[in-house]
1. With each label point set 7 Å from Cα along the Cα-Cβ vector, what nm distance links Tyr196 and Gln67?
2. Residue-wise, which Karplus ³J(HN,Hα) couplings in Hz belong to the stretch 186-192, taking 6.51 cos²θ - 1.76 cosθ + 1.60, θ = phi - 60°, and x for glycine or proline?
3. Quote to one decimal, in nm, the extra length available between Leu74 and His164 on full extension: 0.36 nm per residue of separation minus the C-alpha distance between them.
4. Would you work out if the stretch 121-188 is rounded, prolate or oblate? Take a ≥ b ≥ c from the square roots of the eigenvalues of the alpha-carbon gyration tensor; rounded if a/c is under 1.5, else prolate when a/b is larger than b/c, oblate otherwise.
5. List the relative contact order of the stretch 59-188 as a percent without decimals, with contacts defined as Cα pairs under 8 Å and 6+ residues apart.
6. Quick one: what are the phi-derived ³J(HN,Hα) couplings along the stretch 129-143, Karplus 6.51/-1.76/1.60 with θ = phi - 60°, whole Hz, x for glycine and proline?
7. Once the Cβ-Cβ distance between Ser87 and Thr153 is put in as r, and R0 is 35 Å, what FRET efficiency do you end up with, to the nearest 0.05?
8. Near the amide H of Gln198, under 5 Å away, which other amide H atoms are found, from residues 5 or more places off or on another chain, if H is placed in the peptide plane?
Amino acid sequence: MATSRPARQRIFNMIPRIVRTALFAASIAALDLINSSGMTSVALAQSNANRLTKVAASIPPVANPCQRETAGSLVKNPPELYSQSGSLTVNLSYQSTTDADGRQLYCFMTPEGLENPTLHLQPADQLVINITNNTAPTPLASLINPPNCGASTMMASAIAIHFHGFIISPTCGADDVLHTVVNSGDTFSYSFFLPYNQPP
Ligand SMILES: [Cu+2]
């Protein structure tokens, strides 16, 4: 009996991770030193033009973001989103809040109020993530030499998403971890296809 797909559904658990560590900032700084010839005005114009092609409509902040379970309660699974007809588009507002104990919490919120959803895709599916960094801006920390992906300067509050285990290109809009910069107030779109042979 022929079946088009294995009975066991291949589900990928994609956990977006925020790259905003000091280590990452240090690696960017090192790249800046290597490319110390500096950014020309032509390069700046090119990077800005490139950036414009990547900007989607901004995702507004969501009320009551980054909620946590109360102490002693059962921890629930995160909400889940599934691709349909070969694609999944997710709009995310990256936000921060301070809890009752003074801790700074960060999270991804969908406009519907889903926090940190788990995204399920099939091989060959397209994933589109439009994300706005709605955290408070911090002073500009460093200049990112071209080729830029998003902003050409990086705030300490800048974010980028990268993906573990996906067989995808390390290019802008996919899994470029070195040059993708989404500063506070900026919006960025990731868009790529998973390969047909993407293992679970
Ligand atoms: Cu990683």
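1. Here the answer is 4.4 nm between the modelled labels.
2. Values, residue by residue: 8, 10, 9, 10, 9, 7, 7 Hz.
3. Full-extension gain reported as 29.6 nm.
4. Because a/c hits 1.5 or more and a/b exceeds b/c, the stretch 121-188 counts as prolate.
5. 24 percent
6. Whole-Hz 3J(HN,Hα) from phi for the stretch 129-143: 10, 9, 10, 10, 7, 9, 7, 5, x, 10, x, 4, 9, 7, 9.
7. About 0.60, to the nearest 0.05.
8. Ala124
Coordinate-derived values only; no laboratory data. Fair warning: this is a prediction, and the values are worked out from it, not measured in the lab. In this analysis, Cβ positions are derived from the backbone assuming ideal geometry, glycine residues included, and neighbour counts consider all displayed protein chains.
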